Each structure stands twice: as C-alpha cells, then as structure tokens.
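Have a look at the structure below before the remarks.
The values are calculated or read from the model by the stated rules, or taken from the named source; none is laboratory data. Fair warning: this is a prediction, and the values are worked out from it, not measured in the lab. When we count neighbours, we look across all protein chains shown, and the Cβ atoms used for this are built from the backbone with ideal geometry, even at glycine. Quick note on the areas: whole protein, heavy atoms, side chains included, nothing else; ligands and nucleic acids left out. Shrake-Rupley method; radii C 1.70, N 1.55, O 1.52, S 1.80 Å.
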Amino acid sequence: MDALHRHGVEHIFGYPGGAILPIYDELHKAEARGWLKHILVRHEQGGTHAADAYARATGKVGVCFGTSGPGATNLVTGIATAQMDSVPMVVITGQVPRASIGTDAFQETDIFGITLPIVKHSWVVRDPAGIGRIVAEAFLIAASGRPGPVLIDVPKDVGLEEFDYTPVAPGTAIPAGFKLPPSPDPAAIAAALTLIRQARRPLLYVGGGAISSGAHGAVKQLAERFRLPVTTTLMGKGAFDEKHPLAVGMLGMHGTAYANFAVTECDLLIATGARFDDRVTGRLDGFAPRAQVIHIDIDAAEMGKTRLPDVALVADVQAALEALLAASAGESSEGRTEAWLQRIDSWKQHYPLVVPAPEGDIAPQEVVVALRELAPDAFYTTDVGQHQMWAAQFLHNGPRRWISSAGLGTMGFGMPAAMGVQTAFPHEQVICVAGDASILMNIQELGTLSQYNLLVKVVVLNNGWQGMVRQWQESFYGERYSASEMTGGMPNFAALAESFGVRGVLIDDRASLRQQLQAALDHPGPVFIDVKVRRNENCYPMVPPGASNAQMVGLPSHPELAIDTTRHCHACGSTTESAHLFCPNCGAKL
C-alpha cells in the first residue's frame, strides 16, 4: 500500500476474496490514513474496465484488485481490453500460499500463465522484500513506451509475512533490458518532410497513440501548417477537433464516406499513432492503394506488420510531430492541397452522415445528436455495437473524452468505464451510451453507481436486438436472425435501476425526448435512461467484409473510386486477383 501511495495512486477498483484478504486488510488501514480510496465493484470485470477508463481519461496508470481463482479469471477480459487498446494498468491479484501453488488448491488458477499473451509483463511475488521494487517496475513498464497492462500475483502467505521493507521511489527500479523509446531519427524526419512537401493529396491518419502521447496540439499545428485533412480512428477520436474545417471524421468500416473516399484517393498517408487495424483498412490491397506511407509509431513491431511504410518513424508521437514542426518552421502548404481540400468538401456535401427524418419511432441517431447538443463537453463512454458506431459518427469529443473498447470490442465495457471516469472527475459530466444487449453484460454495476452516488448518466438505445449482430444477419446471412433478438426476458430497465437506488427513466416519445434527457442530465445523482428506438435501423455507411473502403453500402455508388480487381505480374506477365500479394505462377511480389 505504501508503494502504491508513493506512485500517486488515488483510487483502486476491486473486489476482495480469501487470497487477497491480507492486502485488503492493509488497504483498510491505508484508507483510514487518507492515502487513497477503494471502489467496491460488483464483478471483477467491472473493476478492470473502471481502472482502464480511469487511465484513459486521466493519463495515469489505472489500478485494480482481484482475488485468486475465479476472481482472477474474471479479470481476463478487462486485461485483454486494455492490452488491445494500449492502456496503462496495474492488476494485482491474490494467489494461494506459495507451498500450495501447483497442487490444485482451493481457488488456485495460474493467472500468471493465463495472462502471459495479454500483458506487457507479470510477476509472482515469491519474496515480500521485493514488493517495493516490483511495484516500481510495474508502473514504469505499464506507462512507458507503448502503454499496456501488467500483472502482480501475490500469494496469500507473502501478504502475511513480516519483513524489512525498503521503499523504492518511482522511476528508480529499472528492469534488465528496459529501454526508453528512441528519439526521432533526423534522417526519417527529413524523408517524411520531403514526402509531405511533394504531396498534392495528403491525408493525416491519426490513432490512439496521439491521445496517449498528448499530441493533440502538435497534430493541429502540423495539419494547419501543411493544410492536411485529418481522419481519426475509433481510438483517435478527440485527437483533432471534429468541427475543424480540415476534419473528415472517422474512417473505416462505419467511418464517414468522405474519410474513406479520401483514404482511397490520397497520394500520401501519414499514419500517426495508428496500427492499420482491419476495421480501418477494409480489404488491405484497396486501402490507400495510390499512396506513399509515412508511419509514426512508438512500437517498432508495428512497422510493416500490415502495411510497409515508405518512411518509418519509430518514436513517441508527440516527439515525432514536434520534430517535424521544428524542421519545417516557417513553411506552409503553398496552396498544394487546395484542390484536394475542395474535392473533400464536395464529398462532405454529397455524402453527409444522415439523421433519419423525425417520423415514427425515435431514431437512434436523433438521441445521439440530442446528447451532443445538450452535453457537448461531457466525457462519453460506450459499450460495443451499433450504438457505439452512431456515437462515434455523431459525437464531437475533446481529448480523452471519448472512451470506448475499440480493439477487443468488449460488450459490457461502457457502464463500468463511466464509473472509472466519474471517480476520477467527480464534478464532470459523464455519459455512457449503451445498447440493450451490451448493458446487460455488467448491469450489476448499478450497485456501484448507487453506493458511491456516481453521477453517471446511462443512456440505452433500446431496439430489442443485439443490433450489430442483427444488421450483419440481415445483410450477409439471408435475414436468418439466429439468437440475436433480446425482447424475450428483457427487463424493465427503469424499474431495475430504481431497485438499485438509481433513478430510472423511460423515453418512448419524440416530443419529450430532449426535455427528459435534459432533466436526467440535471439530476444530482446517477440516472438510467431507457430510450425505445427504431427496431430495424441499420448503421450506415458500412464497408462490407472483403470490400475496399470505397465500396460502402448505404451510399450511392462512387464508380470513380473503384479499385481494379486484378493485378498484372511484371515478372511473368500473368494476371491474378488483386487480393494476392505474390504472383501464384512465378512467386514474384506484385
């Protein structure tokens, strides 16, 4: 507890159990000293998501506790969520006593082995005298380089054993082989600037790394200096003002049409803290097919993993962008990109995001737009599904105010994530946008909202389906709706919330939508808002599986952006499908 206190930990999310009781006993004393506060979640997964979102919103390392066996395995989904989205988190688990490890003791699970693929590093504490050093190493590793989760497993007898404790100051315990990210390479900076100066149709493609490194200001400066249009990933939302004239919104499977058209036609793609995720690229050979690529990323392993860059810049995103700005001081675009920006503006006019006409049942897009206008500066968390994509399309978020499970796509993330954000910022407005299926994954966390009077407002877009599953079944599985309807057994959400001590609200009438939302936002406590929306509304535009980003459904056709479906081998002259990277006849790279 002293080591955590020394590392600035103010909040811990967790759930006790037998093996971790020695730590919880000391936690009780630490709370009495005013060192920190523990938030009792109702399920260990909720604790991981709360700690994860706490880290995303604050930029600090999130901390969560769980006991051995089932307590530890309940943490796995949240650890994987943090790992996929590069979120710094320290997870501390209890374990059976040292002598019982490997004997299949009661509530024993090898959580060290189970989590090896989804953590940056992990420890089993065999000697209590090493705890100070291990905690210091854990915080250093979690937060440095490409951030991520780490695990400390503490056997119960280690937690009970007396020893001579030596405090370890933050940053002074350096693990063997540990290296900080390299400084930006001047040669790579010069090469990148050469490509930027030559480009006529550049696109700045910004991912979550820009959020992690705090590079928002540098992104804006570079974009404005060279008049670069900016598109963001789902993780990158908030890294660039989406109301800025250079913004083209999110790209990818449910991105804006103009972002996807721009990435298809660009001649230079500047990937900034992004990893060419499959939900962004669509069919890989159709992603930025005419573009040279500059890839800026702190993780050297990302270079060439999916797309081979023309210039690889391995460095912290903020450091790299500041180096580009310093090396190009006094420069401008000199009008090179104006025709390109006009073309993008024409796409914005012809292919805007559409809110359905206000007829019949409430459209889910209407609810998101109403929230955007009523609470423009709120922190927003989401669950996963159609509602997540509508929120990503229509909300305009500031830095660290968009918090969503992107890489793993974890249903049940949104409400515990909102708990974590509200704990960090008790006086800020925090809104969770969820679906009726996702919210049930961790519905028990209503108890946490109630116990701590966390002011979270949960807004459920309730269409009675697993919405994204239903949309795919409609579009690609012959309208065979297998196990995706949720109306059977659907709770009365408002009454359920009230039973936890949380105000429950039902909205099913457009005429009162904004009034009831405003009243809920003004309420001085947590509120659960169940909004009945259109049953069969689909989320468009959408890039179908196997298609290029220019081949979205839900839009008029765009034939001028069509990608060739065949490739010609320059070595042997044969023709093959464009999806092939190597000639099937002679083996030459295509």
Contact order relative to length for the chain, counting C-alpha pairs under 8 Å separated by 6 or more residues, stands in percent at 13
Residue-normalised value, i.e. accessible area per residue, for region 185-242 at 1.4 Å probe, in Å², stands at 31
Whole-Å distance linking the alpha carbon centroid of region 478-531 with that of region 308-365 is 36
Of the accessible area of the chain, computed with a 1.4 Å probe and all protein chains kept, carbon and sulfur make up a percent value of 52
So, with points 7 Å from each Cα along the Cβ direction, the ALA301-ALA169 label distance in nm works out to 3.2
Only helices counted: for the chain, with every DSSP H run of 4 or more residues adding -39500 (n - 2.57) and the sum spread over all residues, [θ] at 222 nm is -9500 deg cm²/dmol
With the 1.4 Å probe rolled over protein heavy atoms, region 383-495 has an accessible area per residue in Å² of 32
Once amide hydrogens are built 1.01 Å from N within the peptide plane, the residues lying 5 or more places from ILE12 or on another chain with amide H under 5 Å from its amide H are LYS37, HIS38, ILE39
With x for Gly and Pro, the residue-by-residue ³J(HN,Hα) of region 15-28, computed from phi through the Karplus equation 6.51 cos²θ - 1.76 cosθ + 1.60 at θ = phi - 60° and given in whole Hz, is 8, x, x, x, 5, 9, 4, x, 6, 5, 5, 6, 4, 4
Per the rule of 0.36 nm per residue minus the C-alpha distance, extending CYS586 to CYS572 adds in nm 4.4 nm
Over region 1-74, with neighbouring protein chains present, the accessible area per residue in Å² at probe 1.4 Å is 34
If R0 = 45 Å, then HIS5 and ALA329, at their Cβ-Cβ distance, give a FRET efficiency to the nearest 0.05 of 0.55
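Using the beta-carbon distance between THR194 and SER346 and R0 = 30 Å, what value does 1/(1 + (r/R0)^6) give for FRET efficiency, to the nearest 0.05?
Efficiency computed from Cβ-Cβ geometry: 0.55.
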For the chain, longest principal axis from Cα atoms; helix 317-327 axis from its Cα atoms; angle between them, nearest 10 degrees, is 40
Between the modelled labels at ARG510 and ASP278 (7 Å from Cα along Cα→Cβ) the distance in nm is 3.9
DSSP beta bridges in the chain: the antiparallel percent, rounded to 5, is 10
Once normalised by the length of region 258-373, the mean sequence separation of its alpha carbon contacts under 8 Å that are 6 or more apart gives a contact order in percent of 20
In degrees, nearest 10, the alpha-carbon axis of helix 338-350 is tilted away from the dominant principal axis of the alpha carbons of the chain by 70
Largest-first ranking of ARG56, ARG33 by accessible area, probe 1.4 Å, whole protein assembly kept, is ARG33, ARG56
Looking only at aspartates and glutamates whose Cα falls under 12 Å of LYS220's and that sit 8 or more positions away or on another chain, we get ASP241, GLU242, GLU322
Going through LYS179/LYS237; LYS237/LYS457; LYS29/LYS156 one by one, the pairs whose alpha carbons sit over 25 Å apart turn out to be LYS179/LYS237
Checking every Cys Cβ in the chain against the others at 4.7 Å leaves as unpaired CYS64, CYS266, CYS432, CYS539
Restricting to aspartates and glutamates and to Cα separations under 20 Å from LYS37, and discarding same-chain partners fewer than 8 apart, the set is ASP2, GLU10, ASP25, GLU26, ASP52, GLU428, GLU445
Under 5 Å from the placed amide H of ARG503, counting only residues 5+ away or on other chains, we find PHE528
Which residues qualify? For ARG401, with a placed amide H closer than 5 Å and at least 5 residues away or on another chain, they are none
In order over region 186-194: 3J(HN,Hα) from phi, Karplus 6.51/-1.76/1.60, θ = phi - 60°, whole Hz, x for each Gly or Pro, gives x, 5, 5, 4, 5, 5, 5, 5, 4
Going residue by residue through region 375-385, the Karplus relation 6.51 cos²θ - 1.76 cosθ + 1.60 with θ = phi - 60° gives ³J(HN,Hα) values, rounded to whole Hz and with x marking Gly or Pro, of 9, x, 10, 6, 6, 10, 10, 9, 8, 10, x
The relative contact order of region 174-284, taking Cα pairs under 8 Å that sit 6 or more residues apart, comes to a percentage of 30
